[in-house]
Amino acid sequence: MDTNSLLRALPNTDDVLAQPGIVDALGQTPRSVVVTAVRESIEDARRRIFAGEELSYGVEAAAADALARVAIAESPSLHRVINATGIIVHTNLGRSVLSAAAIDAVAEVARGYSTLEYDVESGERGSRHVHVESLLTELTGAEAAMAVNNNAAAVMMALAVLAHGKEAIVSRGQLVEIGGSFRVPDIMRESGATMIEVGTTNKTHLSDYEAAIGPNTGLILKVHSSNFRVVGFTEEVPVRDLVELAARHAVPVYEDQGSGVLFDLRRYGLPYEPTVRESIQQGADLVSFSGDKLLGGPQAGMIVGRWDIVQRLKKHPLARAMRLDKMTLAALETTLRTMRDEARAVEEIPTLKMLTTPAAEIGARAHELAGRIEESTDGAAVIEVVEDISRAGGGALPLADIPTFVVTIEPRAISDVDLESRMRLGEPTIVARLREGRLVIDPRTLLDAEEENVVVTRLGEILRGA
Ligand SMILES: *Cc1c(COP(=O)(O)O)cnc(C)c1O
């Protein structure tokens with residue numbers, strides 16, 4: 001048929017809507033969604049015919065195509081993913097997985113009314129800050145604390161309160177960009193602080209700060225360099241020395257710690273990171289850190305430090321714009337409660353558990369998993385267990401090589417790229433790395449036996465069918 005006849009033969013919307021499958025769909029799906037799917041399908045067919053395609057597209061084909069579009073439109077955009085990458089705080093995959101207790105707490109306050117801003121004792125209005133403040137001060141040794149929407153918000157607020165219309169001194173080695181266009185210089189500008197850069201990329205001395213301090217100095221800022229490290233010939237000024245200098249000029253010191261470590265991770269073979277408590281002990285006036293990086297809780301930003309500064313932060317107009325909702329507060333409070341007992345924290349908070357599980361334990365899981373994959377794929381791939389490295393992710397502990405064991409799968413009949421995409425496009429989504437022609441599965445970030453089962457089954461389905 002020529003283009004014109006094909007175009008004339010296109011079904012019209014009403015005929016497609018009268019098809020049995022579509023009538024069923026109309027019973028379960030909003031009419032507007034179904035009608036849009038039908039119109040888009042016909043429109044797409046029209047475009048393809050115009051482009052010269054000899055499309056066979058009758059009323060039945062149109063209905064089938066429209067139903068597929070309805071299914072896509074009706075499936076949630078934000079959904080569960082199985083993370084087989086070995087990157088624990090995976091920013092693109094939602095950073096930290098909540099503990100079972102935190103999930104229960106969220107469900108509980110979501111299901112009913114709560115004490116969000118209600119004081120049960122007096123029967124009067126309360127403050128939403130009370131739910132986490134004493135936990136945060138207990139865990140960090142600070143005088144006062146509050147939590148906001150994320151650490152970026154915490155940085156913004158701290159700068160707005162301490163350095164608006166003033167100068168904030170920061171080392172050139174700390175002017176970092178932390179994924180998703182969070183750049184320290186940009187945040188400074190938006191907060192109304194004037195940035196005074198000191199030192200060089202690799203070395204900043206106390207004398208550099210000293211030379212920059214003047215009558216307009218509002219703040220000395222220290223930023224954790226997160227996902228980036230200058231190694232070799234380097235020097236940073238410790239918080240203790242900054243505090244000493246700042247005190248002589250009556251200027252506060254604020255440290256953005258990024259990940260926020262609450263206990264010494266060296267006990268688990270991880271590199272040294274100063275804890276929040278250490279910064280406070282060394283005299284930092286304010287410290288901020290994320291809720292969903294190494295704390296292993298919900299997205300949030302903690303601000304801890306001097307009582308008078310935290311009171312100013314709580315009263316700042318931005319506090320209202322940056323405040324936490326009840327579900328996040330419930331998850332955060334529960335996570336912080338668990339954190340009070342380190343042994344419980346590394347068992348129950350998934351991020352900490354994954355970070356501290358010994359390689360030998362992962363190795364045993366990898367061998368077990370490999371055996372099951374071998375069985376389910378029935379010779380359709382070369383399966384191996386090899387030593388590898390897991391990553392903390394999320395800009396946390398960038399230099400930490402966390403030893404692990406991975407299962408590698410080299411398919412015989414299809415390409416590795418094809419295998420990866422079919423793992424990803426199945427339901428649920430499975431995200432895994434590719435390396436040298438192999439799919440790499442790191443059991444460290446598979447959360448439980450059920451996730452392992454899904455991986456085994458999916459590999460079997462794809463590779464035996466191939
Ligand atoms: C991650 C990070 C931030 C941003 O924290 P969010 O909780 O993602 O908003 C800010 N500063 C540093 C140093 C970070 O590592």
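Quick note: the coordinates plus some simple rules give every number you see, no bench work behind them. Remember, it's a predicted structure, so these values are computed and weren't measured experimentally. Here the Cβ is made from the backbone with ideal geometry for all residues, glycine too, and neighbour counts use every protein chain on show.
Treat each spin label as a single point 7 Å out from the Cα along the C-beta direction, and report the ASP24 to GLN281 distance in nm.
Each label point lies 7 Å from its Cα, and together they span 6.7 nm.
How many angstrom separate the Cα center of segment 268-292 from the Cα center of segment 373-435?
34
What percent does the relative contact order of segment 100-348 come to when contacts are Cα pairs within less than 8 Å and at least six residues apart?
It comes to 27 percent, rounded to a whole number.
Just to verify a number: FRET efficiency for ASP264 and ASP401, C-beta to C-beta distance, R0 = 22 Å, to 0.05?
0.75
Suppose R0 equals 22 Å. What FRET efficiency, 1/(1 + (r/R0)^6) with r the Cβ-Cβ distance, do VAL382 and VAL454 give to the nearest 0.05?
Details: r = 22 Å, r/R0 = 0.99.
After rounding to 0.05, the efficiency reads 0.50.
Could you work out the helix-only [θ] at 222 nm for the chain, with each DSSP H run of four or more residues adding -39,500 (n - 2.57) and the total divided by the number of residues, to the nearest 500 deg cm²/dmol?
Using -39500 (n - 2.57) per qualifying helix, the result is -13500 deg cm²/dmol.
Normalised by the empirical 2.2 N^0.38 Å for globular proteins, what value does the Cα Rg of segment 164-312 take? Intermediate values should be presented prior to the final figure.
Working: Rg = 15.0 Å, N = 149, 2.2 N^0.38 = 14.7 Å.
Ratio of Cα Rg to 2.2 N^0.38 Å: 1.02.
State the number of lysine pairs found in segment 100-348 whose Cα atoms come within less than 21 Å, restricting to pairs 8 or more positions apart or on distinct chains. Please report the intermediate quantities before stating the final value.
Working: LYS166/LYS222; LYS166/LYS314; LYS166/LYS315; LYS203/LYS222; LYS222/LYS293; LYS293/LYS326; LYS314/LYS326; LYS315/LYS326.
Taking the Cα cut-off of 21 Å, the pair count is 8.
Exposure proxy check: ASP256, ASP341 ranked by fewest other beta carbons within 10 Å? It would help to have the intermediate numbers written out before the result.
Working: ASP256 28, ASP341 11.
Going from least to most buried by this count: ASP341, ASP256.
Report the label-to-label distance for MET1 and VAL130 in nanometres (one decimal), using points 7 Å from each Cα along the Cα→Cβ vector.
Label-label distance for MET1 and VAL130, simple model: 7.3 nm.
For MET157, MET423, what ranking results if the residue with the fewest other Cβ atoms within 10 Å of its Cβ goes first? Show your work: numbers first, answer last.
Values: MET157 26, MET423 21.
Lowest count first: MET423, MET157.
Scan the chain and report its longest stretch carrying no GluC sites (Glu not before Pro) that are both in a DSSP loop and have at most 11 other Cβ atoms within 10 Å.
By the stated rule (loop sites, at most 11 other Cβ atoms within 10 Å), 122-435.
Let me check the size of the chain from its C-alpha atoms; what are the radius of gyration and Dmax in Å?
Rg then Dmax for the chain, in Å: 27.5, 88.
Hey, fewest Cβ within 10 Å first, where do THR115, THR91, THR404 land in order?
Starting with the residue having the fewest Cβ neighbours, the order is THR115, THR91, THR404.
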